[in-house]
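All remarks here apply to the structure that follows.
The values are calculated or read from the model by the stated rules, or taken from the named source; none is laboratory data. Because the structure is a prediction, the values reported are computed rather than measured. No Cβ is skipped: glycine too gets one built from the backbone with ideal geometry, and neighbour counts run over all protein chains shown. Each accessible area value is taken on the protein alone, full model and side chains, heavy atoms only, with ligands, DNA and RNA left out. Shrake-Rupley method; radii C 1.70, N 1.55, O 1.52, S 1.80 Å.
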Amino acid sequence: MNGNDPIYADTAKSLGKQIATAGYGLVYGGCDYGLMGHVSWAAHENNCEITSIVEQEILDLKQFSVGPGKVVKVQNNRDFMDAINEHSTAFVILPGGFTTLEEILQCLRWSHETSCPKPIVVINVNGYYDSFKSFIENGIACGIIDKTRNYPLFFCDTPAEAINAITKYCSNSLH
C-alpha cells in the first residue's frame, strides 16, 4: 500500500535514490509494489546493488511479483528475518503496517542480543511514528525499557537524514 498522501511514495522513491547515491546496497522483502516497490525501483534506476529476500511459499502462491535485483529464496518467515539480518548493514523503516511493526521489534531484539548492533532508522514521514516513539519514551520513563542499553534507534524525518544517521553510526562504530 502507498498510503493516501503522495508524500509516502515520494519519500520511498527518494530513499531508494539516496541509498544508491550513498553507495549502499538495498536488501528488502522483494516485492515490486507498495512503498518498498518504490524504494527498489528507484534504487535500481540509480544503479544500486539489490538483494530481494523472498519466502518460497509466497512465490508458490503466485500472489507476489518480485522487483529488481538478485533473489534469495527462503523457506519461512523466520528464515526471511534471519536472511535480512545476515545481508544488512542497517535497517531503515518506512511507514507500514503490522508486519513492519513486527520487523522493527525484531531489529530491536537483535540489537539487544548482540555486542555489535546495527542501526535502526525510522523515517517518521508526517509524524507517522510519533506514537511509537512516545511508546518507547514512556517505557523508559516508567522503568520498563532499559535506558542504559543505548539502542541504535534513530527517528529521522527524511531519507537524507536517515542515510546520514547510518553513515555516522557506521563510521563511529568502526573506531
Here is a list of conditions, (1) out of contact with any Phe, Trp or Tyr (no Cβ under 7 Å at 6 or more places or on another chain); (2) under 19 Å from Ile93 (Cα atoms), and Gly139 meets all of them except one; can you say which number that is?
(2)
Those residues of the range 51-75 which are over 16 Å from Glu86 (Cβ atoms) and in contact with a Lys or Arg (Cβ under 8 Å, 6 or more places away or on another chain), in sequence order
Gln56, Leu59
Listed by first then second residue, the pairs whose first member lies in the range 108-135 and is farther than 21 Å from Ala12 by Cα, whose partner is surrounded by fewer than 18 Cβ atoms within 10 Å (Cβ to Cβ) and of a type in the set (D, E, K, R), with beta carbons under 9 Å and at least 6 positions apart or on separate chains, are Ser111/Arg149; His112/Asp146; His112/Arg149
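In the range 13-24, what residues are more than 20 Å from Asn2 (Cα to Cα), open to solvent by less than 60 Å² (accessible area, probe 1.4 Å) and touching a residue at least 60 places away in the same chain (Cβ under 8 Å)?
Applying the first criterion (more than 20 Å from Asn2 (Cα to Cα)) to the range 13-24 yields 20-24.
Subset that is open to solvent by less than 60 Å² (accessible area, probe 1.4 Å): 20, 22.
Listed by number, the list holds a single entry, Ala22.
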Need a quick list: helices (runs of 4 or more DSSP H) entirely within the range 37-139 having at least 2 residues that are open to solvent by 60 Å² or more (accessible area, probe 1.4 Å) and small (Gly, Ala, Ser).
none
Identify, please: which residue in the range 140-157 is within 30 Å of Thr11 (Cβ to Cβ) and either out of contact with any helix residue (DSSP H, G or I) (no Cβ under 8 Å at 6 or more places or on another chain) or part of a strand (DSSP E or B) (or both) and is, among those, least open to solvent (accessible area, probe 1.4 Å)?
Cys156
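Okay, residues lined up against (1) of a type outside the set (Gly, Ala, Ser); (2) at pLDDT 95 or above:
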| residue | (1), (2) |
| --- | --- |
| Lys13 | yes, yes |
| Ala20 | no, yes |
| Val27 | yes, no |
| Leu35 | yes, no |
| Gln56 | yes, no |
| Val66 | yes, no |
| Gly69 | no, no |
| Asn77 | yes, no |
| Ala83 | no, no |
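Can Ile136 be described as touching a helix residue (DSSP H, G or I) at 6+ places or on another chain (Cβ under 6 Å) and either farther than 30 Å from Gly25 by Cα or among the β-branched types (Val, Ile, Thr) (or both)?
no
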Looking only at the range 136-162, which residues are touching a residue at least 24 places away in the same chain (Cβ under 8 Å), aliphatic (A, V, I, L, M) and under 19 Å from Ser111 (Cβ atoms)?
Leu153, Ala162
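Do we find that Gly3 is open to solvent by 20 Å² or more (accessible area, probe 1.4 Å), on the phi > 0 side of the Ramachandran plot and not polar (S, T, N, Q) in this structure?
For Gly3, the condition - open to solvent by 20 Å² or more (accessible area, probe 1.4 Å), on the phi > 0 side of the Ramachandran plot and not polar (S, T, N, Q) - is met.
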Here the residues within the range 163-175 that are part of a helix (DSSP H, G or I) and either surrounded by fewer than 16 Cβ atoms within 10 Å (Cβ to Cβ) or in contact (Cβ under 8 Å) with a residue 12 or more places away in the chain (or both) are Ile163, Ala165, Ile166, Thr167, Lys168, Tyr169, Cys170, Ser171, Asn172, Ser173
